[in-house]
Amino acid sequence: MSDPITEELFRNAISAIGDEMVLTIYRTAYSGVLKNIMDYSAAICDAQGRLVAQGLSLPGHLCSIPVALQAVLAQFGDDVHDGDIFINNDPYSGGMHLPDIFIFKPLFADGRPIAYAATICHHTDVGGRVPGSNASDSTEIYAEGLRIPPLKLYERGVENKTLFRMIQQNVRLPGRVFGDIRSQLAACEIAARGMTDLVGRYGADGVVTLMVSMMDYSERLTRQCLLELPDGEATFTDWIDDDQIDVGVPIPLVCTIRKRGDTMEVDWTGSALQVKGAINNTLSYTAAMSFTAVKSVLSVNMPNNDGVFRPIKIIAPAGTITHGKLPAACAARGLTGFRGVDCAFGALAQLYPEKVFAASDGGNTGLTIGGYEKELTPFIYVDFISGGWGGRPWADGLDGNTCMFANMASFSVEVIEAENPLEVLDYEFVPDTGGAGRFRGGMSQRKTWRMLADEGILQVRADRQTHRPYGLQGGGPGAFGVNVMNPGSADETKLHAKLTMTLRRGEVFRHELPGAGGWGPALDRDLDLVARDLRDGLVTVTAAARDYGVVAAGDPPLIDPAATETLRARLRMQRKPLPAVAWEPAA
């Protein structure tokens with residue numbers, strides 16, 4: 001058995017390898033969705049496919065990497081050799097959705113694989129009926145793109161030319177896709193070098209033992225953190241607006257949390273049956289959203305690995321939106337994952353109200369514009385627009401920050417315009433959209449594009465146009481999301497949250513994210529915080545009076561304390577307090 005100092009040194013060393021893998025992809029990727037938005041993850045797994053160390057990347061990939069790797073191991077068994085590299089993207093063979101391509105490299109020592117380098121990247125295009133392979137309105141996976149079951153991309157160091165050619169012939173931008181695959185291969189090579197150093201320091205058997213100790217350490221911490229929480233059970237229901245196929249038909253997400261001793265169950269029984277549209281989760285993605293929610297209320301930020309998963313049981317009946325069965329479409333499953341985190345928060349808030357955020361903006365909005373320029377040169381712009389966090393029990397929700405389940409970055413406007421036939425007309429906060437509260441929700445963001453090519457296909461995966469992000473503990477809900485074609489013109493048209501349509505030269509599309517929910521009664525908000533928001537233009541004078549009972553005037557607005565005290569007293573007499581979960585603002 002190793003000593004605690006050795007274990008701590010090893011934990012930091014192997015975690016650093018994961019971070020180096022992430023940075024390698026960041027520095028070498030071709031596509032904007034990787035080098036700008038950072039929709040990827042990297043990790044080290046042990047020989048059994050268990051997650052040991054994850055780099056600084058997406059919580060949404062918490063559980064996906066080991067599930068995908070274990071599908072590879074089940075397919076190939078002992079047929080694993082030095083120089084092999086595996087590829088997989090099939091949601092029904094361990095993957096999540098087709099744009100997410102996994103690359104795995106076995107790491108050998110003493111003639112045997114002792115670990116695997118793992119990477120997952122969202123690729124710009126994997127074929128299918130629409131550019132970007134990410135539409136919400138596909139109704140079966142066969143329309144979504146190229147399915148790659150667990151296969152060898154390289155065998156004993158020799159590339160699989162047939163597979164490379166198959167991929168090349170089925171994607172719209174093969175140069176970009178292969179460039180990003182090479183960035184994944186480079187990250188795996190970095191991991192191989194790092195593992196060689198660790199084996200040189202600790203020996204192959206020592207590395208294996210230390211990886212097991214690392215997972216056991218995370219399990220002990222997770223169980224101890226769970227023991228600190230009171231036992232209990234709570235159920236929460238939220239609704240996705242619709243699936244773009246059965247328009248206007250809300251889709252329930254139901255989450256039950258059961259906490260007993262040093263274990264917890266996250267049960268999605270009662271959620272809708274799998275839907276026609278492409279927002280069905282794989283089981284691994286549902287597990288990831290569940291682990292993310294639970295981990296956020298634990299008192300210790302332990303290393304993310306298999307040990308965290310062991311005390312937390314995930315229940316998601318097959319054939320439901322949280323565990324789709326073939327041929328369920330799942331390209332836009334990100335929406336269900338983001339909404340699932342908020343749904344789990346709703347259940348956790350009933351058990352641990354002082355630990356849980358109000359609803360976020362509903363998760364990022366996925367937007368793709370693709371088509372052909374002169375001489376039929378394809379272009380594909382993939383963006384994920386992030387908004388704000390819900391109000392927290394101790395602070396405002398973050399503005400202009402990605403949902404915690406995504407951990408993505410904002411796409412540079414200059415890069416968008418340089419690489420695509422698009423003009424970005426604005427990218428800004430929308431005042432008064434965050435849910436009012438003692439700690440308000442994060443403000444919505446607005447982004448507007450003008451089409452400069454002759455035409456292209458616009459796809460939008462959004463939500464919260466009919467069901468607001470909820471507020472907690474007396475806080476108000478966030479504002480609805482909005483899609484508008486040609487805003488401010490005579491033919492301005494409000495559009496559905498999810499859409500696939502043709503965008504022609506000169507047409508303008510605007511998207512406004514929902515605002516995030518507030519936490520605590522708005523009339524208890526500190527006047528200094530209101531003054532800051534007034535000064536920053538995030539809250540208007542009108543909304544300050546309406547939502548917070550604050551009287552202000554001038555430019556910049558200055559608060560009148562005496563008038564504010566009078567107004568707040570009157571509003572407290574007139575208003576009925578908002579419930580613990582608020583879907584509508586104060587009257």
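In table form, for the structure just shown:
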read-out: Contour excess over end-to-end distance, with Cα ends at Glu584 and Thr6 and 0.36 nm allotted per residue; value: 202.7 nm
read-out: The stretch 411-504 - Debye-derived log10 I(q)/I(0), Cα point model, q = 0.16, 0.18, 0.20 Å⁻¹; value: -0.80, -0.96, -1.10
read-out: Accessible area expressed per residue, the stretch 286-402, with surrounding protein chains retained (probe 1.4 Å, Å²); value: 28 Å²
read-out: GluC sites (Glu not before Pro) lying in DSSP loop within the stretch 449-523, provided at most 15 other Cβ fall within 10 Å; value: Glu492
read-out: Label-to-label distance, nm, for residues given as Gln75 and Lys161 (7 Å Cα→Cβ offset); value: 2.2 nm
read-out: Binned Cα-Cα distances of the stretch 519-573, short to long, each 10 Å bin given as a whole percent; value: 26, 61, 13, 0
read-out: Kirkwood Rh in Å, taken over the stretch 332-436 so that all alpha-carbon pairs contribute; value: 15.8 Å
read-out: Radius ratio Rg over Rh of the stretch 376-418, counting only Cα atoms, Kirkwood formula for Rh; value: 1.17
read-out: The chain, helix-only ellipticity at 222 nm - DSSP H runs n ≥ 4, -39,500 (n - 2.57), divided by all residues, nearest 500; value: -9500 deg cm²/dmol
read-out: Distance between modelled label sites at Lys325 and Arg450, nm, 7 Å Cα→Cβ extension; value: 5.2 nm
read-out: Global size of the stretch 467-525 as Cα Rg and Dmax, reported in angstrom; value: 16.0, 49
read-out: log10 of Debye I(q)/I(0), alpha-carbon scatterers only, for the stretch 189-298 at 0.12, 0.22 Å⁻¹; value: -0.67, -1.16
read-out: Label point distance in nm, Val247-Asp426, each placed 7 Å from Cα along Cα→Cβ; value: 2.6 nm
read-out: Which of Gly518, Ala347, Val207, positive extreme of dipole for the chain (C-beta unit charges); value: Ala347
read-out: For the chain, diffusion coefficient by Stokes-Einstein and Kirkwood Rh (Cα), 25 °C, 0.890 mPa s, µm²/s; value: 100 µm²/s
read-out: Helix axis angle, 561-574 relative to the chain longest principal axis, alpha carbon, degrees; value: 80 degrees
read-out: Positive-end residue of Thr368, Phe411, Gly441, charge dipole of the chain with Cβ unit charges; value: Gly441
read-out: Carbon + sulfur, % of accessible area of the stretch 111-185 - ligands and nucleic acids excluded, 1.4 Å; value: 48 percent
read-out: Debye intensity ratio in log₁₀ form over the Cα atoms of the stretch 485-587, taken at each q of 0.13 Å⁻¹; value: -0.66
read-out: Quotient of C-alpha Rg and 2.2 N^0.38 Å, computed over the stretch 1-146; value: 1.12
read-out: Probe 1.4 Å, protein heavy atoms only - accessible area per residue of the stretch 87-215 in square angstrom; value: 35 Å²
read-out: In degrees, nearest ten, helix 283-295 long axis to first principal axis of the chain (Cα); value: 60 degrees
read-out: C-alpha long axis of helix 4-28 to longest principal axis of the chain, angle in °; value: 80 degrees
read-out: The chain: antiparallel DSSP beta bridges as a percent of all, rounded to 5; value: 95 percent
read-out: Cα gyration tensor shape for the stretch 106-248, rounded if a/c is under 1.5, else prolate or oblate; value: oblate
read-out: 19 Å tail of the calculated P(r), the stretch 201-265, as % of Cα pairs; value: 62 percent
read-out: Reciprocal of mean inverse Cα separation for the stretch 272-399 (Kirkwood radius, Å); value: 16.6 Å
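The values are calculated or read from the model by the stated rules, or taken from the named source; none is laboratory data. Because the structure is predicted, anything quoted here is derived from the model rather than measured. Neighbour counts are summed over all protein chains in view; Cβ atoms, including those assigned to glycine, are modelled from backbone coordinates with ideal geometry. Areas reflect the complete protein model, heavy atoms only, side chains present, ligands, DNA and RNA absent. Shrake-Rupley method; radii C 1.70, N 1.55, O 1.52, S 1.80 Å.
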